[in-house]
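Chemist: Before I ask anything, let me first share the structure, which is written out below as structure tokens.
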């Protein structure tokens with residue numbers, strides 16, 4: 001009889017996008033139940049991964065009354081399902097699921113920290129976030145940082161004194177290098193996207209803490225000197241959460257050298273149509289998109305933050321600049337726009353650097369090995 005595990009995230013998009021293929025792989029060995037707030041993505045997870053899903057409404061942000069209702073619903077669910085393991089990702093789901101699983105006596109309780117918000121927060125919000133992360137760790141039996149940078153922050157801010165385990169070399173699901181490759185079909189689509197000139201590409205949410213204000217400002221400076229450069233933005237605005245400045249938004253929508261294409265289900269043709277990937281985020285856990293860009297053979301300009309500085313080695317497969325530093329970002333972009341030899345050197349190293357350390361199949365082996373070790377320990 002298969003042991004039952006519950007994988008849980010706050011919103012269904014996280015299960016759909018971040019754990020693609022992983023739940024199906026786990027279901028070959030375990031009975032997998034996927035839990036998140038309701039939504040079409042949860043239905044897609046059930047269809048694609050072949051696992052049972054349960055919808056439990058959860059708020060992404062602090063909402064005490066709604067959070068209590070969600071907690072009680074999870075307690076009721078866990079008592080009914082009696083899982084051997086609850087493994088959570090994303091902050092709110094982690095807090096509520098670890099508390100509920102602890103109350104219900106679930107033997108194995110894992111929370112994966114995919115990114116920490118409190119290091120870039122201030123005042124009361126920072127203290128609240130640190131307290132909730134400490135509570136999450138206190139209720140977990142295994143704390144699973146996504147990468148070395150997240151682990152260091154958990155230690156540095158004394159969030160937990162428990163032993164922590166990074167699975168593989170980090171990242172939540174690894175990179176499928178067979179999928180993220182310049183195949184003939186991808187290159188044909190890229191040809192329809194390509195425009196004359198050197199193209200810088202960004203993929204992600206079009207918000208302030210992704211460094212979009214600095215990126216657009218640095219690009220405009222570069223464009224003033226080199227009008228052949230282009231900027232391709234793939235993603236969606238999130239004005240309610242962390243909007244970019246009004247000037248930045250005007251430039252994105254109206255500047256002739258900036259192409260905004262919105263959210264795309266398949267980003268490979270846009271990466272293949274580009275020359276340099278730029279990701280000037282303020283904070284991350286372990287960004288999948290940098291792995292994806294690297295696998296597509298793009299040199300990357302990233303900020304010196306968790307995850308990015310583990311994937312990218314400065315001068316080997318990309319360049320690293322300080323976060324929130326428009327001048328440094330401009331310098332790196334200008335450097336790769338003018339030095340063709342260096343740009344080509346970094347591009348040649350991009351895919352091997354990712355494939356050697358973050359191949360998805362290898363991460364899945366490490367994940368299964370971790371689960372088997374926990375099974376053996378819980379059977380003693």
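The values are calculated or read from the model by the stated rules, or taken from the named source; none is laboratory data. Quick caveat: nothing in here was measured; it's all calculated off a predicted structure. Please note: Cβ atoms are built from the backbone with ideal geometry, for glycine as well, and neighbour counts cover all protein chains shown.
Chemist: Restricting attention to helices (runs of 4 or more DSSP H) lying wholly within segment 284-380, give those where 2 or more residues are within 22 Å of residue 216 (Cα to Cα), touching a strand residue (DSSP E or B) at 6+ places or on another chain (Cβ under 8 Å) and free of Cβ contacts under 8 Å to residues at least 24 places away in the same chain.
Modeler: Here the list reads 326-338.
Residue by residue, here is whether (1) closer than 13 Å to residue 232 by Cβ; (2) touching a helix residue (DSSP H, G or I) at 6+ places or on another chain (Cβ under 7 Å); (3) assigned by TED's automatic domain parsing to the domain that holds residue 277 holds:
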| position | (1), (2), (3) |
| --- | --- |
| 179 | no, no, no |
| 189 | no, yes, yes |
| 193 | yes, yes, yes |
| 197 | yes, no, yes |
| 200 | yes, yes, yes |
| 205 | no, no, yes |
| 208 | no, yes, yes |
| 211 | no, no, yes |
| 214 | no, yes, yes |
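Chemist: Which ranges mark the helices (runs of 4 or more DSSP H) fully within segment 1-119 that have 3 or more residues being closer than 30 Å to residue 176 by Cα and in the same structural domain as residue 169 (by TED's automatic domain parsing)?
Modeler: Output list reads 12-18, 22-26, 40-49, 91-104.
Chemist: Quick one: count up the residues across segment 272-287 that are surrounded by 23 or more Cβ atoms within 10 Å (Cβ to Cβ) and either outside the structural domain of residue 204 (by TED's automatic domain parsing) or at pLDDT 95 or above (or both).
Modeler: 8
Chemist: Does residue 123 satisfy the condition of being touching a residue at least 60 places away in the same chain (Cβ under 8 Å) and either exposed (fewer than 13 other Cβ atoms within 10 Å of the Cβ) or at positive phi (or both)?
Modeler: Here the answer is no, as residue 123 does not meet what is asked.
Chemist: Right, next: Provide a single number: the residues in segment 253-271 that are touching a strand residue (DSSP E or B) at 6+ places or on another chain (Cβ under 7 Å) and surrounded by fewer than 21 Cβ atoms within 10 Å (Cβ to Cβ).
Modeler: 8
Chemist: Can you find even one residue in segment 212-232 that is farther than 20 Å from residue 326 by Cβ, crowded, with 16+ Cβ neighbours inside 10 Å and touching a strand residue (DSSP E or B) at 6+ places or on another chain (Cβ under 7 Å)?
Modeler: No, segment 212-232 has no match at all.
Chemist: For the list (1) touching a strand residue (DSSP E or B) at 6+ places or on another chain (Cβ under 9 Å); (2) in a helix (DSSP H, G or I); (3) under 30 Å from residue 188 (Cβ atoms), I need the number of the one condition that residue 274 fails.
Modeler: Condition (2) is where residue 274 drops out.
Quick grid of which residues meet (1) touching a helix residue (DSSP H, G or I) at 6+ places or on another chain (Cβ under 6 Å); (2) closer than 26 Å to residue 167 by Cα; (3) in contact (Cβ under 8 Å) with a residue 12 or more places away in the chain:
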site	(1), (2), (3)
29	no, yes, yes
36	yes, yes, yes
50	yes, yes, yes
53	yes, yes, yes
64	no, no, no
88	yes, yes, yes
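Chemist: Hey, can you tell me all the residues within segment 235-250 that are touching a residue at least 12 places away in the same chain (Cβ under 8 Å) and either in a loop (DSSP other than H, G, I, E, B) or surrounded by fewer than 18 Cβ atoms within 10 Å (Cβ to Cβ) (or both)?
Modeler: Residues satisfying the conditions are 235, 236, 238, 241, 242, 243, 244, 245.
Chemist: From the list 170, 149, exactly one residue is assigned to a helix (DSSP H, G or I), modelled with pLDDT under 95 and not assigned by TED's automatic domain parsing to the domain that holds residue 242. Which is it?
Modeler: Exactly one of 170, 149 is assigned to a helix (DSSP H, G or I), modelled with pLDDT under 95 and not assigned by TED's automatic domain parsing to the domain that holds residue 242, namely 149.
Chemist: Please pick out the residue among 96, 77, 42 that is within 19 Å of residue 2 (Cβ to Cβ) and in contact (Cβ under 8 Å) with a residue 24 or more places away in the chain.
Modeler: It is 77.
Chemist: So which residues in segment 148-180 are out of contact with any strand residue (DSSP E or B) (no Cβ under 9 Å at 6 or more places or on another chain) and under 20 Å from residue 282 (Cα atoms), if there are any at all?
Modeler: Across segment 148-180, the qualifying residues are 148, 149, 156, 157, 171.
Chemist: Does residue 145 count as surrounded by fewer than 24 Cβ atoms within 10 Å (Cβ to Cβ) and either in contact with a helix residue (DSSP H, G or I) (Cβ under 7 Å, 6 or more places away or on another chain) or under 21 Å from residue 373 (Cα atoms) (or both)?
Modeler: Considered against the rule, which asks whether it is surrounded by fewer than 24 Cβ atoms within 10 Å (Cβ to Cβ) and either in contact with a helix residue (DSSP H, G or I) (Cβ under 7 Å, 6 or more places away or on another chain) or under 21 Å from residue 373 (Cα atoms) (or both), residue 145 comes out as no.
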